[in-house]
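The values are calculated or read from the model by the stated rules, or taken from the named source; none is laboratory data. These numbers were taken from a predicted model, which means no experiment stands behind them. Please note: Cβ atoms are built from the backbone with ideal geometry, for glycine as well, and neighbour counts cover all protein chains shown.
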Amino acid sequence: MQNPDRKIKLMPDYQCWCLWDMIDPKNVNPDTLQISEPLREWLHAWEAAFDKTLDLADPTRIGFEDEQEYNAFYEMGWELFDSLQSELPAIEWWYRDRRYADLLNTKPSNV
């Protein structure tokens, strides 16, 4: 059963953790959640992969190398989303897949 008092969004952002509390708007460190070590490491690796798309020395150089890399990144997000739901089913999970306009809590069938 989901806890309506706990809603977390999976959303990458530069130099931030990829999890965001939707009730008390703040960035959530994955290390504070009761999740497996492999999932924790995977979340941090996903965050690092997103950070690599921004060149801090030249912020005009931003983005993924190509559309395939962009799509693969957001597909990996769905795998993370599924793992988070599986390990913490009491939390209401959402995902910001930037290929879509809306915040999602289920994967669109056309992906």
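When each of Pro59, Pro108, Pro89 is tested for being within 19 Å of Met22 (Cα to Cα) and surrounded by fewer than 16 Cβ atoms within 10 Å (Cβ to Cβ), the lone residue that passes is Pro89.
Just one residue in the set Ala49, Ala101, Ala72 is surrounded by fewer than 12 Cβ atoms within 10 Å (Cβ to Cβ) and not acidic (Asp, Glu); that residue is Ala101. So in segment 1-47, with the set limited to residues that are part of a loop (DSSP other than H, G, I, E, B), in contact (Cβ under 8 Å) with a residue 40 or more places away in the chain and among the polar types (S, T, N, Q), which one is farthest from Ser83 (Cα to Cα)? Applying the filter and picking the extreme gives Gln2. Filtering segment 75-86 to residues that are free of Cβ contacts under 8 Å to residues at least 24 places away in the same chain and surrounded by 14 or more Cβ atoms within 10 Å (Cβ to Cβ) leaves only Gln85.
Considering only segment 21-39, state which residues are out of contact with any strand residue (DSSP E or B) (no Cβ under 8 Å at 6 or more places or on another chain), farther than 20 Å from Tyr74 by Cβ and either surrounded by 15 or more Cβ atoms within 10 Å (Cβ to Cβ) or modelled with pLDDT of 95 or more (or both).
Of everything in segment 21-39, those that are out of contact with any strand residue (DSSP E or B) (no Cβ under 8 Å at 6 or more places or on another chain), farther than 20 Å from Tyr74 by Cβ and either surrounded by 15 or more Cβ atoms within 10 Å (Cβ to Cβ) or modelled with pLDDT of 95 or more (or both) turn out to be Asp31, Thr32, Gln34, Ile35, Ser36, Glu37, Pro38.
Is there a residue being under 16 Å from the mean Cα position of the chain (by Cα), part of a loop (DSSP other than H, G, I, E, B) and not hydroxyl-bearing (Ser, Thr, Tyr) anywhere in segment 68-86? Within segment 68-86, not a single residue is under 16 Å from the mean Cα position of the chain (by Cα), part of a loop (DSSP other than H, G, I, E, B) and not hydroxyl-bearing (Ser, Thr, Tyr). Just need a number here: residues in segment 30-40 that are over 25 Å from Asn71 (Cα atoms) and not small (Gly, Ala, Ser). Qualifying residue count for the region: 6.
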